[in-house]
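To keep things clear, I will list the structure first and then write my remarks on it.
The values are calculated or read from the model by the stated rules, or taken from the named source; none is laboratory data. Bear in mind that the values here come from a model prediction, so they are computed numbers and not experimental data. Neighbour counts are summed over all protein chains in view; Cβ atoms, including those assigned to glycine, are modelled from backbone coordinates with ideal geometry. Just the protein is used for accessible areas: all its heavy atoms, side chains included, with ligands, DNA and RNA removed. Shrake-Rupley method; radii C 1.70, N 1.55, O 1.52, S 1.80 Å.
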Amino acid sequence: MTARKIIIDTDPGQDDAVAILLALASPEDIDILGITCVAGNVPLELTQKNARIVCELAGKNDVKVFAGCDRPLRRDLVTAEHVHGKTGLDGPILPDPQMVLQDAHAVDFIIDTLRAEAPGTVTLCPLGPLTNIATAFEKAPDIMDRVQEIVLMGGGYFEGGNITPAAEFNIYVDPQAADVVFKSGIHIVVMPLDVTHKALVTKTRNDAFRAIGTPVGTAVAEMTDFFERFDKEKYGSEGAPLHDPCVTAYLISPNLFKGRHINVEIETQSELTMGATVADWWGVSDRKPNALFIGDLDADGFFSLLTERLARL
Ligand code: BDR
Ligand code: CA
């Protein structure tokens, strides 16, 4: 099977970093056409820098990294330094990147790539707020028909929210953008908190990352050491949830995940529940299914895959 062509749209973030590393370590499965950055966990200036730091950590300086939108479509930017630290990538000490940032705007790269590649051959993988993706769809509606699939991290249903009681961070930051994406008619695979909160880095799993004994293994262990304090305090969980790597793991091994084809819509009106992913898990509406909403994963299989692949870098 040929590698799946993807664009990673991201706001690194320690868990974004691990998702990117997993993709970079898996060229037989994943062909990264480019990494597009968006404001989210931290402002754009830092997310684009962090994406380049991560590529260099993996020794993949030739990956194209683009900066995109620096604020949501219609709301003020909300960031998450309380989770990810001041830099967004707190934990390991990593050098400033030497590799260049591409000149093109991320949105133009997304549009041009979808127009240049054969229709139905490019998958979009958003790991942050959906501002770049929605902006590309609004600027060039013709590209929507050309997307193979969108596999994204965002939302939550049974788990509720992590930034408000009702909303998950990525969707909450730009609900209008999420609404555009969920109404696009493109098939979407959603990794909500319901599944990502089961992808927990326990001490044993983090020891396995550290035991790889490479700069990548050590950096991933240090990132999760930092990132876990938030979830341990908040949820009393065993360790950090690796939200975003669920996206890239799904591309490699979809059988690790289980979900349902359902309708998912985004709340954009009520301030109380802004950004909620209204997931019709029980099929109580007659709204058309638009997403594979994932609810469970084989956590041991996921961590074996991750550890085995990260050891390649
Ligand atoms: C999502 O928000 C960010 O903090 C993480 O990187 C992840 O994409 C989890 O809610
Ligand atoms: Ca993210």
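Going through 161, 185 one at a time, which residue ends up being out of contact with any Cys (no Cβ under 7 Å at 6 or more places or on another chain) and within 14 Å of ligand 1 (Cβ to nearest atom)?
Only one candidate qualifies: 161.
Conditions first: (1) open to solvent by 40 Å² or more (accessible area, probe 1.4 Å); (2) among the hydrophobic types (A, V, I, L, M, F, W, C); (3) under 23 Å from residue 130 (Cβ atoms). Residue 291 passes all but one, so which condition is the exception?
The single condition residue 291 does not satisfy is (1).
Go through region 34-53 and give me each residue that's part of a loop (DSSP other than H, G, I, E, B) and in contact with a Cys (Cβ under 7 Å, 6 or more places away or on another chain).
Across region 34-53, the qualifying residues are 38, 39.
Quick check: is even one residue across region 92-102 of a type in the set (D, E, K, R), in contact with a Ser or Thr (Cβ under 8 Å, 6 or more places away or on another chain) and surrounded by fewer than 17 Cβ atoms within 10 Å (Cβ to Cβ)?
No, because not a single residue in region 92-102 is of a type in the set (D, E, K, R), in contact with a Ser or Thr (Cβ under 8 Å, 6 or more places away or on another chain) and surrounded by fewer than 17 Cβ atoms within 10 Å (Cβ to Cβ).
When you look at residue 295, is it modelled with pLDDT of 95 or more and either within 15 Å of ligand 1 (Cβ to nearest atom) or more than 25 Å from residue 123 (Cβ to Cβ) (or both), yes or no?
Taking the combined requirement at face value, the residue does not satisfy it.
Do we find a residue being within 16 Å of ligand 1 (Cβ to nearest atom) and surrounded by fewer than 24 Cβ atoms within 10 Å (Cβ to Cβ) anywhere in region 139-150?
yes
Scan the helices (runs of 4 or more DSSP H) fully inside region 199-285 and keep the ones with 3 or more residues being open to solvent by 30 Å² or more (accessible area, probe 1.4 Å).
Result: 203-211, 215-235.
Cβ-Cβ under 9 Å, sequence separation 6+ or interchain: first residue in region 151-169 and more than 12 Å from residue 196 (Cα to Cα) and open to solvent by less than 10 Å² (accessible area, probe 1.4 Å), partner hydroxyl-bearing (Ser, Thr, Tyr) and not in a loop (DSSP other than H, G, I, E, B). Which pairs?
These pairs meet every condition: 151/123; 151/248; 151/250; 167/277.
Check 130, 124, 77 and return the single one that is within 14 Å of ligand 1 (Cβ to nearest atom), in contact (Cβ under 8 Å) with a residue 12 or more places away in the chain and surrounded by 23 or more Cβ atoms within 10 Å (Cβ to Cβ).
130
Report, by residue number, each residue of region 119-138 that is more than 16 Å from ligand 2 (Cβ to nearest atom), touching a strand residue (DSSP E or B) at 6+ places or on another chain (Cβ under 6 Å) and not aliphatic (A, V, I, L, M).
Across region 119-138, the qualifying residues are 120, 121, 123.
Here's a check for you: in region 176-198, which residue that is small (Gly, Ala, Ser) and assigned to a loop (DSSP other than H, G, I, E, B) is surrounded by the most Cβ atoms within 10 Å (Cβ to Cβ)?
The residue in question is 184.
Could you check how many residues of region 8-33 are more than 16 Å from ligand 1 (Cβ to nearest atom) and not in a helix (DSSP H, G or I)?
The qualifying residues number 9.
Could you run through region 54-78 and say how many residues are in contact with a helix residue (DSSP H, G or I) (Cβ under 8 Å, 6 or more places away or on another chain) and either assigned to a helix (DSSP H, G or I) or not aliphatic (A, V, I, L, M) (or both)?
14
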